[in-house]
Amino acid sequence: MLLFQVFSSNIYQMSSWTRAMLIPLAILNHFQPTRHLPAEVSLHESTRRSEQAGPAPALAQAARVLAEFFLCCDRLLKRLRPFKSSRSASAPAQVRGMLVEHIGEGSDGLGAIFPAMLNSILALKALGYSNSPRARERRKRDFEGLFMDDPADFRIQPCPLTVWDTAITTIALADSGVPPANESLQRAGNGCCRKRSASAATGW
């Protein structure tokens with residue numbers, strides 16, 4: 001997070017939705033917040049090997065070697081964590097400013113996609129913003145905007161469908177032969193342009 005002021009390959013070369021996910025993840029990686037599960041709750045099934053037929057033996061062996069390589073790198077980095085340089089102390093303040101600045105009014109949600117919104121909520125809690133009524137209510141309102149009002153089931157959409165579905169439907173209609181001058185396509189295009197302008201104004 002501190003390199004972008006010096007190097008040409010920086011965080012602002014990434015797509016806006018990537019930045020919206022990476023910044024809160026950097027905060028979570030720094031603070032390493034942990035919640036211990038009660039004894040009766042287990043997540044072992046998430047690491048259980050699949051009983052389905054796997055890839056060919058050669059591919060399976062290559063996959064195992066690659067997986068072991070990354071696991072070794074992960075173990076090494078965890079051992080080096082206590083020796084982080086002193087400059088890391090300035091990183092949380094800088095990243096905190098970037099995160100808080102871009103979730104103000106007009107940002108259309110904390111990244112407007114489920115992973116970024118959820119990770120931003122966790123990151124703000126790790127930064128000590130969990131007790132701020134205004135921040136708490138804003139986060140709650142944005143996140144609950146993804147909930148689907150379906151009495152038969154509880155579902156969460158991945159992002160506001162007014163943007164996602166409008167763009168996909170517009171492409172489908174245009175590909176099916178609907179002329180660009182069609183009133184519905186014009187309204188959809190104008191709506192997407194307004195959303196794009198609002199997103200650009202927030203700096204994400």
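Here are a few things to note about the model shown:
- One residue stands out in segment 163-204 among those that are under 30 Å from Met98 (Cβ atoms) and basic (Lys, Arg): the one that is modelled with the highest pLDDT, namely Arg194.
- The helices (runs of 4 or more DSSP H) found entirely in segment 89-157 that carry 1 or more residues being modelled with pLDDT of 80 or more are 114-126, 133-144.
- The residues of segment 20-44 that are assigned to a helix (DSSP H, G or I) and in contact (Cβ under 8 Å) with a residue 60 or more places away in the chain, listed by number, are Ala20, Met21, Ile23, Pro24, Leu25, Ala26, Ile27, Leu28, His30, Phe31.
- Residue count for segment 24-69, restricted to those that are surrounded by 10 or more Cβ atoms within 10 Å (Cβ to Cβ), within 30 Å of Leu124 (Cα to Cα) and at pLDDT below 75: 0.
The values are calculated or read from the model by the stated rules, or taken from the named source; none is laboratory data. Owing to the predicted nature of the structure, the values given are computational and were not obtained by experimental measurement. Note that each Cβ is placed from the backbone with ideal geometry, even for glycine, and that neighbours are counted across all protein chains shown.
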